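Here the structure comes first, spelled out in structure tokens, and everything after it is commentary.
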């Protein structure tokens, strides 16, 4: 009888150990909700086989020995809190994602440009988004994120102060991306983390031939007409084209910028995931 009890106890220990290992190795699902600074259109266009933001988060998390992550990037260019729900993008791309563990919400840039009264409208529209996320993903942890540097610093700080206020009101954790992103720009140059995108017509004609491989046709955007556009993801052409007016105009992150965002995201998640693994 005693032998049977010992065997049962040993089996139970093995079972619980296996359950613990299974929980620790379970792939966790992270969803990114945001605008063009989340999805990263230009890096995808110029290097379709790249790793991109979601892939970098996954590999950096693995390098840190964290539980495996599946990161779903639902970002969309031009997104605002209001448009996210009204356009149908939320229902199509976000509402039905199963088994979500963490949701990062990073909105505010386009809202700042488009809201009639940003201070009054943005909190209401963000609350509508957060309410939908809570209803559709009740088991997920919602995390609000500050925006990366895009507009002048005072405008970014206005947006981020309101995001921080919303986080307090909604009792949500805040992921401060802006501080390390802006610190990197100050230490390495204000244009070190943004893409290069300019109409070919603005570039001296003597360079057009060798810029052909970097040139794409783009339908009108931001009030601009259709045009052939030079798109470049790095800084290698800066010594040649850096003095061309408009060369540094586009403030969207380049691959280096997205790698910084990915690294900061993993640094933020690491203590959360390690604490989760202890339970």
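The values are calculated or read from the model by the stated rules, or taken from the named source; none is laboratory data. All figures in this text were calculated on a predicted structure; none of them were measured in a lab. Counting neighbours? That spans all protein chains shown, and the Cβs are built from the backbone with ideal geometry, glycine included.
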Original post:
modelled with pLDDT of 95 or more, in a helix (DSSP H, G or I) and out of contact with any helix residue (DSSP H, G or I) (no Cβ under 9 Å at 6 or more places or on another chain) - does that describe any residue in the stretch 59-71?
Top reply: yes
Original post:
Which one is nearest to residue 151 (Cα to Cα) among residues in the stretch 230-259 that are touching a helix residue (DSSP H, G or I) at 6+ places or on another chain (Cβ under 6 Å) and part of a helix (DSSP H, G or I)?
Top reply: 258
Original post:
Among the residues of the stretch 82-103, how many are within 25 Å of residue 154 (Cβ to Cβ) and either under 15 Å from the mean Cα position of the chain (by Cα) or not assigned by TED's automatic domain parsing to the domain that holds residue 155 (or both)?
Top reply: 0
Subject >> Boolean, residue 72 is in contact with a strand residue (DSSP E or B) (Cβ under 9 Å, 6 or more places away or on another chain), free of Cβ contacts under 8 Å to residues at least 60 places away in the same chain, in the same structural domain as residue 45 (by TED's automatic domain parsing) and within 22 Å of residue 42 (Cα to Cα) >> reply: yes
Original post:
residue 270 fails exactly one of the following numbered conditions: (1) at pLDDT 95 or above; (2) surrounded by fewer than 15 Cβ atoms within 10 Å (Cβ to Cβ). What is the number of that condition?
Top reply: (2)
Original post:
What helices (runs of 4 or more DSSP H), lying completely within the stretch 106-218, carry at least 1 residues that are under 29 Å from residue 28 (Cβ atoms) and over 17 Å from the mean Cα position of the chain (by Cα)?
Top reply: 118-136, 153-169, 178-188
Original post:
Since residue 224 meets every condition but one in (1) surrounded by fewer than 16 Cβ atoms within 10 Å (Cβ to Cβ); (2) modelled with pLDDT of 95 or more; (3) farther than 28 Å from residue 101 by Cα; (4) over 20 Å from the mean Cα position of the chain (by Cα), which condition does it not meet?
Top reply: (2)
Original post:
within 10 Å of residue 33 (Cβ to Cβ), touching a helix residue (DSSP H, G or I) at 6+ places or on another chain (Cβ under 6 Å) and either buried (at least 20 other Cβ atoms within 10 Å of the Cβ) or in contact (Cβ under 8 Å) with a residue 40 or more places away in the chain (or both) - does that describe any residue in the stretch 108-126?
Top reply: no
